[in-house]
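See structure below.
The values are calculated or read from the model by the stated rules, or taken from the named source; none is laboratory data. Everything quoted here is computed from the prediction, not taken from an experiment. Here the Cβ positions follow ideal geometry from the backbone for every residue, glycine too, while neighbour counts run over all protein chains shown.
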Amino acid sequence: LIEGLVEQGHSVKVLTVSSYKYPFDPSEIPVDYLESTLIEAVEVDLHVRPLPAFLNLFTRKSYHVERFINKSFRKRLIRILSEQEFDIVQLETVFMAPYIPDIRKHSRAKIVLRAHNIEHLIWKRIHDNTRWVPKKAYLRHLWKTLKNFELSTLSRVDGIAAITKKDANFFRQYAGTVPVIDVSFGVDLSAFPWPHLYARDGGRYMTAGVIIVQNRAGTWVNWSVCRGLINGRDKLVLNITPDSHLARLHREYEEKGEPMPASIVLGGDPACFIAAALNVPWGMSEAAIAGGLKGNPVALVRSETNSLLVPAGAEVVLEGEILPGERLPEGPFPEYVRYAPSQLRPVFFVRAITHRKNPIIPFVAEGVKVSDSMALRSVLISLELMDKLRRQTQLKVRWINLPVEAKLGLCVAACDPV
């Protein structure tokens, strides 16, 4: 929205929060964006403090919101409002709502709430899937107080811009006469050079994306790799195989009639792609494995429209959700030994796209004698088989290899005499 307003010739000023979790680093921001928005940040301590968190239990205030109240931020906001005249002040997320009285007092601007999520429902879901009674009781206080604050905020603004139609419909139930619209982030998949490799392909494809999702309980984040067929400006049809962890997680949401939030990462550290391609046990962290592969923890940042953490070094991040019951044709597509036919697969609706300036989009050219994915799977499956044979049999395995020339259909092993 900000870049669109600038492109339309409007004057824009951005005041943001810098925190330990989301630090403001001007060197990471394109120069033209810095100049066109005059962006500046105020450091706000968002750490969870045990004593204030405990004392908050005896109030009806949302501790989530209370942490965003900062004297320095308020002072800078008031000064900006006093020095300049604005037509619209846009609040990014409900956590900026405590400053509504200051905006009303020092500006005649209309206030628009840019709602990235229905925040209290995220915490309600975590509460519903928590079993330890003391923690469950505390989470109940968190989501209840956040709900009260979030719903009461809707009538205090002049307009609401939700990310999705579903969120917009929810807000309309509680917003009274306040207008509500759904406006995705600047989304246009056609702006990127997705390859159409072969004439028989079903279309342009994303073939090297890491798909990041979490279980409904919010206790495990899964990284997976699967291809996606570009379908219009804001849809990817994902080839989610029925027996994968990703499919199992999707079923958790679909059975409840809920969309599954997801972020798709393209480019960045190869260790992330390798970890996502591994066949690891259910519940194991691919992010931790990626850190082990590179010898250092992977730097992660929060997505713009959901709570998922994504690698900070990504070239492109697609954010959105996989809606329940939605299916579209995917394919044909060349696989290791055949051309996969068109099949109905789940649909990923893109709600936001963030990327580096002039991003480099990686892809795998499948359908050749030796492809990148075949070479990678040859290494990973060979390691997996060698580990299982060493642990589960008496064989003294020295090495195993699945030659890519045999389309991974041949296994060669070297063993010492038993």
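Output the residues belonging to the range 260-283 that are in a loop (DSSP other than H, G, I, E, B) and either within 15 Å of ALA217 (Cα to Cα) or in contact (Cβ under 8 Å) with a residue 12 or more places away in the chain (or both). Selection gives GLY267, GLY268, ASP269, LEU278, ASN279, TRP282, GLY283.
The set of residues in the range 301-315 being part of a strand (DSSP E or B) and under 24 Å from ALA115 (Cβ atoms) consists of VAL301, ARG302, LEU309, VAL310.
Quick check on the range 308-322. Is at least one of its residues among the hydrophobic types (A, V, I, L, M, F, W, C), modelled with pLDDT under 90 and either surrounded by 19 or more Cβ atoms within 10 Å (Cβ to Cβ) or under 30 Å from ALA199 (Cα atoms) (or both)? No, the range 308-322 contains no residue that is among the hydrophobic types (A, V, I, L, M, F, W, C), modelled with pLDDT under 90 and either surrounded by 19 or more Cβ atoms within 10 Å (Cβ to Cβ) or under 30 Å from ALA199 (Cα atoms) (or both).
Taking the criterion of being assigned to a helix (DSSP H, G or I), in contact (Cβ under 8 Å) with a residue 40 or more places away in the chain and over 22 Å from the mean Cα position of the chain (by Cα), the residues of the range 120-145 that qualify are TYR138, HIS141, LEU142, THR145. Considering the range 270-302, and only residues there that are under 17 Å from the mean Cα position of the chain (by Cα) and of a type in the set (D, E, K, R), the residue that is nearest to SER224 (Cα to Cα) turns out to be GLU286. In the range 71-92, which residues are out of contact with any helix residue (DSSP H, G or I) (no Cβ under 7 Å at 6 or more places or on another chain) and either loosely packed, with under 15 Cβ neighbours inside 10 Å or of a type in the set (A, V, I, L, M) (or both)? Residues satisfying the conditions are LYS71, SER72, LYS75, ARG79, ILE80, GLU83, GLN84, GLU85, ASP87, ILE88. If you go through the range 146-155 and keep only what is closer than 15 Å to GLU119 by Cβ, more than 25 Å from the chain's Cα centre (by Cα) and free of Cβ contacts under 8 Å to residues at least 40 places away in the same chain, you end up with just SER152.
For the range 15-40, name all the residues that are of a type in the set (D, E, K, R) and either under 22 Å from GLU315 (Cα atoms) or modelled with pLDDT of 90 or more (or both). Result: LYS21, ASP25, GLU28, ASP32, GLU40. Within the range 64-91, the set of residues being touching a residue at least 60 places away in the same chain (Cβ under 8 Å) and not in a helix (DSSP H, G or I) comprises GLN84, PHE86, GLN90, LEU91.
What are the residues in the range 162-186 that are of a type in the set (A, V, I, L, M), buried (at least 18 other Cβ atoms within 10 Å of the Cβ) and under 22 Å from the mean Cα position of the chain (by Cα), if any? Within the range 162-186, ALA162, ILE163, ALA168 qualify. Of the residues in the range 332-370, how many are more than 24 Å from ALA191 (Cβ to Cβ) and either without any contact (Cβ under 8 Å) to a residue 12 or more places away in the chain or of a type outside the set (Ser, Thr, Tyr) (or both)? Number of matching residues: 13. Just one of (1) over 16 Å from the mean Cα position of the chain (by Cα); (2) buried (at least 16 other Cβ atoms within 10 Å of the Cβ) fails for ALA191. It is (2).
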